[in-house]
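Read-outs: derived from the displayed coordinates by stated rules, not from any lab. Please read these numbers as outputs of a predicted model, since none were measured by experiment. Positions of Cβ are generated from backbone atoms using ideal geometry, with glycine treated the same way; all protein chains shown enter the neighbour counts.
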Amino acid sequence: MRRQRKESKNGDVLNATNRAIFFDRDGTLIVDKVYLNDPDQIEYLPGVFEALVQLQKAGFVFFIATNQSGIPRGLVTIENLTEIHRRMAEAFAQHGVKFKEFFFAPFPTESDHPLRKPNPGMLLAGAEKYGIDLKKSWMIGDRMLDVEAGHRAGARSILVGQREKVSDFKEWRPPAGVFENVIDAVPFILESAEL
C-alpha cells in the first residue's frame, strides 16, 4: 500500500511520521544573557552542536520556539533578533545542522497569547506548516513553561539545566526527563524515540 503524500503550505512533501524537536533558545542552546540584543554576545552552550548532529542523524527536524518579552519592553529590537537567529542558523549549518524555522513570541510576560509559552502556539504552528507528528516530537527547554508548552501541544518534554525545580510546579505535568544539558539528553531521546 502506497503512503499518501500531501504538500504543506510551503510546498514541502509531508510525511505522517515526521518528528521534530522544538528547542527553547536561551539557557538551552545558548547562554542566557537576559534579553540578548547584541548578536556579538551569542555564546553556545557546551555540546549543543554535537547533540543536534546526533539527533538530526536519527531523523529529527528542528525548530526554535522562544519567548521574547524583551521586544515589547523595548530591550530587544526585531532587527537584532533577526540577526541573532541568522547567525545561529549559520553556526549550526557549519556543523551540517538545519533548523526548519525560528519561532518567537514577542509578548509581555503577563500575556496569555496563544503563541507565548506555556501555551503551545509556536509548536502547533510548526506542526501545521511542516506536517510534524507532535506525538513523536519533543520540546526541550530550561524552564517548566517550556515543558508545559510541549505537553499542551501533545509532545513529550525535557527540562535541562538547573534553573527551575520540577517540584516547584505541581500544577503542571513533570517532564519525561531532566538533564544537565542537551547533550546529556540525547541518549534518552534516542532510546525513547519510535524508530
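Could you pull out every residue, at least 5 positions away or on a different chain, whose amide H is within less than 5 Å of the one on residue 137? Hs are placed 1.01 Å off N in the peptide plane, and Pro or chain starts have none. Under 5 Å from the amide H of residue 137: 20, 156.
Less than 5 angstrom separates the built amide H of residue 105 from those of 66, 67, 68, all sequence-distant by 5 or more or on a different chain. The 3J(HN,Hα) values that the Karplus relation (6.51, -1.76, 1.60; θ = phi - 60°) gives for segment 45-60 are, in residue order, 6, x, x, 5, 5, 4, 4, 6, 4, 5, 5, 5, 4, 7, x, 7 Hz. Gly and Pro appear as x. Of interest is the spacing of the C-alpha centroids, which for segment 106-122 and segment 55-86 amounts to 14 Å. Please check: in the Gaussian network model of the chain (C-alpha springs, under 10 Å), which one of 160, 147, 34 has the largest mean-square fluctuation. Checking each option, the largest mean-square fluctuation is seen for 34. Dipole of the chain computed with +1 at Lys/Arg Cβ and -1 at Asp/Glu Cβ about the Cα centre; of 59, 175, 77, farthest Cα towards the positive end is 59. Each Lys and Arg contributes +1 and each Asp and Glu -1, all at the Cβ; summed about the Cα centre of the chain, the dipole is approximately 940 debye. Only DSSP H runs of four or more residues enter the estimate; each adds -39500 (n - 2.57), and after division by the residues of the chain the mean residue ellipticity at 222 nm equals -9000 deg cm²/dmol.
Highest mobility in the GNM of the chain, judged by mean-square fluctuation with C-alpha springs under 10 Å and restricted to 169, 62, 103, is found for 169.
Out of the trypsin sites (Lys or Arg not before Pro) in segment 81-125, which ones are loop residues according to DSSP with at most 16 other C-beta atoms within 10 Å? Walk me through the numbers on the way to the answer.
Numbers: sites: 86, 87, 98, 100, 116; in loops: 98, 116.
Qualifying residues, ordered by number: 98.
Rounded to the nearest Hz, the phi-derived 3J(HN,Hα) couplings of segment 166-183 under the Karplus curve 6.51 cos²θ - 1.76 cosθ + 1.60 (θ = phi - 60°) are 4, 5, 7, 10, 5, 6, 10, 5, x, x, 5, x, 10, 9, 5, 7, 5, 4, where x marks glycine and proline.
Across 75, 134, 55, mean-square fluctuation computed from a Gaussian network of the chain (C-alpha pairs under 10 Å connected) peaks at 75. Pairwise Cα distances in segment 91-175 exceed 16 Å in 57 percent of cases. Think of segment 91-146 as having a plus end and a minus end, set by charges on the Cβ of Lys, Arg, Asp and Glu; of 108, 119, 91, 91 sits farthest toward the positive end of this dipole. Between residue 166 and residue 34, the C-beta separation translates, for a Förster distance of 30 Å, into a calculated FRET efficiency of about 0.85.
Taking the chain as the region of interest, the number of lysine pairs whose Cα atoms are within less than 16 Å, with members eight or more places apart or on different chains, is 7.
Label sites at residue 110 and residue 73, each approximated as a point 7 angstrom past Cα along Cα to Cβ, lie 1.4 nm apart. State whether segment 61-135 is rounded, prolate or oblate according to the following rule on the C-alpha gyration tensor (a ≥ b ≥ c being the square roots of its eigenvalues): a/c under 1.5 gives rounded; otherwise a/b larger than b/c gives prolate, and the remaining case gives oblate. Oblate shape, in that a/c is at least 1.5 and b/c is the bigger or equal ratio. Annotation: amide H-H contacts under 5 Å for residue 143 (H modelled 1.01 Å from N, sequence separation of 5 or more, or interchain): 160. Principal axis extents of the C-alpha atoms in the chain (largest first, rounded to whole Å): 55, 38, 33.
Quick one: length gained pulling residue 192 to residue 128 fully straight, 0.36 nm per residue minus the C-alpha distance? Before the final figure, lay out each step's value.
Values: separation 64, 0.36 × 64 = 23.04 nm, distance 2.36 nm.
Value of the extension gain: 20.7 nm.
Residue by residue through segment 104-113, which ³J(HN,Hα) values in whole Hz follow from phi under the Karplus form 6.51 cos²θ - 1.76 cosθ + 1.60 (θ = phi - 60°), with glycine and proline marked x? Calculated HN-Hα couplings, in order: 9, 10, x, 10, x, 4, 7, 6, 10, 4 Hz.
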